[in-house]
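Here, each number is a calculation from the coordinates, and none is a lab measurement. Treat the numbers as computed from the prediction; the structure is a model and nothing was measured. In this analysis, Cβ positions are derived from the backbone assuming ideal geometry, glycine residues included, and neighbour counts consider all displayed protein chains.
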Amino acid sequence: MSLTTILQHCLTGISLGGAYALIAIGYTMVYGILRLINFAHGDIFMMAGYFMIFAMASFPWQVAIPLVIVGTIVMGVVIERVAYKPLRTAPRMSIMISAIGVSYLLQNLATYLFTAIPRGYPEIPFLKKIFHIGALSASLVTFLTPVLTILLVIFLMLLIKKTKVGMAMRAVSKDFETSQLMGIKINNIISATFVIGSALAAVGSILYFTDRMSVTPFSGTLPGLKCFVAAVFGGIGSIPGAVVGGFVIGIAETLLVAMGYSTFSDAFTFLLLIVMLLFRPTGLFGEKSTDKV
Amino acid sequence: MSGHVLELQNLTMQFGGVVAVDDLSMYVDKGEIVALIGPNGAGKTTAFNMITGVYAPTNGAIFFNGEQIISNHPQGNMKKLYQGGSAGKFPNVMVKLPDVITKLGIARTFQNIRLFKDLTVFENVLIAKHMRSKAGVFAATFRLNAKEERAMRAETMRLLEILELADLRDETASNLPYGKQRRLEIARALATEPSLLLLDEPAAGMNPQETAELTAFIKQIRDDFKLTVFMIEHHMDLVMEISDRIYVLDFGKLIAAGTPDEVQNNQRVIDAYLGVADDA
Amino acid sequence: MKKGTKRICSLVLLVLIALLLFWLEANKSGQGMLISILQKSAILAIVAVSMNLLNGFTGLFSLGQAGFMSIGAYITAILTIPVVNLDGVYYMNGVAPWVRALKEGMEAGPSWLQSVYPFLALIVGGLVAAGFAALIGIPVLRLKSDYLAIATLGFSEIIRAIFSSPQMDTITNGSYGLNKVPTFPKFFGLPSLFTPFIIAGVTIALMVLLINSSYGRAFKAIREDEVAAEAMGISLFRHKELSFVVSSFFTAISGGLLAMFMRSIEAKTFSIALTYDILLIVVIGGIGSVSGSVLSAFLVTASKEWWLRFFDQPLTIGGWQVPLFRTGFRMVIFSILLMAVVLFYRRGIMGNSEFSWDGVARLPGRIKGWFSRKRPAHEAAGGDGI
């Protein structure tokens, strides 16, 4: 492989990684607060893809994109209210099973409504415009994704560090019960988390599918799991960690495919997860916590 | 090494920069009832957790019946962070998991009761017998150990009778009243056939009458089961009444040791409990 | 109920099951659908019970079932496909010489040995899966609940990737999968229709015996409270590993049976969706109840493949076309049912109690209770409380 090819692949990888990072943030935030692997998050991302198809059918992209983001947010919050909230005091296994159930439901719903045949993803013309930098060429979306990801993350970090909601989120993620006693309205904070997570999933979905060009009811499963791995890799609960994890997995996956090991690209993600859990279970930037006896 | 049942040497436990137990040395002799007291957060339960293998100590050693069972010295990151004393005194590293410690004959109860909540009283105690069972998986699955199983059940029933829990045998553990749950925890600990019993606040949450009963009960099981008892307790009536000797911890450090009378009149102990008037 | 009565009831039940099987054997051609549903249910019952052994009894939330099933399925398929069919199966890439040599060697054996090969193949599949489980259990079982779930899920995907990789083309036929797998063998003279049921009966009985043994009690202790279990002298690692290995063994056996049932397998069959399907069976049956899992395996399979089929067909009542009824609606209804169970009836069909004739005897009273105004207190409380 020539240097140009490698750089070209890296560029694709960074772009994919950006989309992964946005989804991974949703996982890491929900896990940080509810201690729940939101198995449905990948399917929310998939549904956002379908929303976009329908929104673009009747609106120009300037209207369609906000519509999709709002629609995804509503779906995310409703899922939390209906499927997770009633199980707050239940054992952890129950709420995880509920998340798997939601994922199952969304996939079956999507199959029913949109059939299992891949649907073409609408093109937003300016995103698809090809740009050249030296010998490298890629569409605008490829360049835009990492930039947008970084901007969103900076915005999110400011939100968490500087605002009252952000402070409440940090408090809840440290200690659920105590923060409740301190007068924090837990349910609102959890909803806020799902709002942010779903909005980012919607943005990630637009960036991801613009590159992939089609959506199926199962397009959310594997990216979802990979992004969870990204979140674990970076240290669950840590937003910069999720971003780094997303980029690492995106780049690694693209390079593996380029080298002809495409069947192993998914397996690699999980291998990374297992190695990470063995040697540094808290992830790159995670904090250590101990159980009290 | 020595004739003590349990001996702690320079035991130190440090979490990051916090020294929970600092250079604790003490012993418990055969047949004694020894109490470890001290204000909340003094490091008493941490000491128990080190003895039972839940935590590996940062530094120090533990001997059981004269044999070293646990030993450690500051390692890795801890080398720099370590603030306790006696570093370098324990060159060998010996760490054991809690189940191994229990097998050696040290049983414990927990401060915040940890019963197998959804299981029956009988099952709770029977489970503790599993460790001493000699049957392998195949033998147990195909019921080739029927004789042993019968013995385990009979033994369990005997324990429940001694502890006056026999009529509750089929009750779910979480449905028992608080006092009975504590009793069941002790029954379960006894079922592991220990020679040393560690009780972590056995009288917590009990009223004076229950506490008085417990006092008699602890003495009785010590005699019946030929036990050595080492306990953490806050009820001073109980402690003073029952203990042969008392150790007092404050901020992780041993501040006094001796018979109940000696400890009761020790100025440092009084200060630790009542607080020294700084502004006087 | 008296012990004797119970025994008679159990005996009657067994005889009824046997009679049903003989009737099915006699009416094989007319009852193809019923037979295939019952056989699939029996196979899924095995894996559901083994998942329950891990999740319900040992408290280890593992999602690696599909991976272990694929190990059993592939090994069984490779070992049982007849030599004459090898070239047809591996038409794309050819078959590895050592596989062919092994199989030719096997077919040269005496005929009594040949008749037990399929069973041996199942056991070999189980043993390989068990060995693999023992290996990955060493690092993975140290992890806490949800990390364990995702790590086992990851391993399952890795196994699938390996089976479907081009590097394995001459052994597993890569992404083309294997076909021409012989159906169930005869079970020592009994018709082959009986085989999955007999194997399911034996394997589930073995797991029940284990669960009720001293080791099973240790598993439950770990589920209830790991710290306390360890303080009772129960080695966490040894017992978790044991539960994981045993569960994987039986999971692989059910995978092997699935290969015989479907006659052809591909790596796609063993995706995460399969694990989720099994989890649904366990949840609906009741986490921690063997009889619940078995019952639910039959109910879920029957409703998915049969009773709820009509949701997928357009329905017209009196000239009015009922909306919503079309392909895929069945699965939507099914997922909603599942969510309802998870949210409102968390204990599933059986909770964590087991089937007993006393329970059956009480059933009429309880059903009456549902219709009377006041529900019994323990019923009204529902769920597992706080």
| query | How many nm is it between the label spots at C:ASN85 and B:TYR273, if each spot is 7 Å from the Cα in line with the beta carbon? | reply | 8.2
| field | Residue among B:ASN112, B:GLY275, C:ILE349 farthest towards the positive dipole end of the protein assembly as shown, charges placed on Cβ | value | C:ILE349
| query | Among the chymotrypsin sites (Phe, Trp or Tyr not before Pro) within segment B:55-135, which fall in a DSSP loop and have no more than 11 other Cβ atoms within 10 Å of their own Cβ? | reply | none
| task | Take the Cβ-Cβ distance between A:ARG170 and C:PHE310 as r, set R0 to 60 Å, and report the resulting FRET efficiency rounded to the nearest 0.05. | result | 0.70
| message | Report the Cα centroid-to-centroid distance between segment B:227-253 and segment C:1-70 in angstrom, as an integer. | response | 57
| task | Could you tally up the Lys pairs in segment A:3-279 with alpha carbons closer than 16 Å? Skip any pair fewer than 8 positions apart unless they're on separate chains. | result | 5
| task | Please order C:MET331, B:MET152 by the number of other Cβ within 10 Å, starting at the fewest. | result | C:MET331, B:MET152
| remark: Per the 1/(1 + (r/R0)^6) rule, R0 = 41 Å and r from the Cβ atoms of A:LEU158 and C:LYS268, FRET efficiency to 0.05 is 0.40
| said: What three numbers, in Å, describe the spread of the alpha carbons of chain A along their principal axes, ordered from the longest? | reply: 58, 46, 36
| request: Would you mind working out the magnitude of the charge dipole of segment C:31-272 relative to its Cα centre, with +1 at each Lys and Arg C-beta and -1 at each Asp and Glu C-beta, to the nearest 20 Debye? | output: 260
| task | With runs of 4+ DSSP H residues as the only contributors, calculate the mean residue ellipticity of the protein assembly as shown at 222 nm using -39,500 (n - 2.57) per run, divided by the residue total and rounded to the nearest 500. | result | -19500 deg cm²/dmol
| Average beta carbon contacts from partner chains per residue of B:134-142, 10 Å cutoff | 5
| message | Defining a contact as two alpha carbons under 8 Å apart and six or more residues distant in sequence, what relative contact order in percent does chain B show? | response | 25
| request: Take peptides C:14-24, C:189-199, A:92-102 and line them up by average Cβ neighbours within 10 Å, highest first, as a rough protection proxy. | output: A:92-102, C:189-199, C:14-24
| request: Place +1 on the Cβ of every Lys and Arg and -1 on the Cβ of every Asp and Glu in segment A:3-279, take the dipole about the Cα centre, and give the residue among A:LEU106, A:ILE251, A:LEU200 whose Cα lies farthest towards its positive end. | output: A:LEU200
| For the residues B:ILE232, A:ILE160, what sequence is obtained by ranking on other C-beta atoms within 10 Å, fewest first? | A:ILE160, B:ILE232
| Given 0.36 nm per residue, what is the gain on full extension from A:ARG212 to A:SER262 after removing their alpha carbon distance, in nm? | 16.4 nm
| task | Please build a GNM for chain C, connecting alpha carbons under 10 Å apart, and tell me which residue among C:VAL83, C:VAL49, C:VAL300 fluctuates the most. | result | C:VAL83
| said: 7 Å from Cα along Cα→Cβ at both A:THR4 and B:ASP261: what's the point-to-point distance in nm? | reply: 9.8
| field | Euclidean distance of C-alpha centroids, segment A:210-252 and segment C:293-334, integer Å | value | 35
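First check a/c for segment C:1-106, with a ≥ b ≥ c the square roots of the eigenvalues of its C-alpha gyration tensor; if it is under 1.5, answer rounded, and if not, answer prolate when a/b is larger than b/c or oblate otherwise. Walk me through the numbers before you get to the answer.
Details: a/c = 2.88, a/b = 1.57, b/c = 1.84.
Cα axes put segment C:1-106 in the oblate bin.
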| Per residue of B:123-132, what is the mean number of Cβ atoms on other protein chains within 10 angstrom of that residue's Cβ? | 6
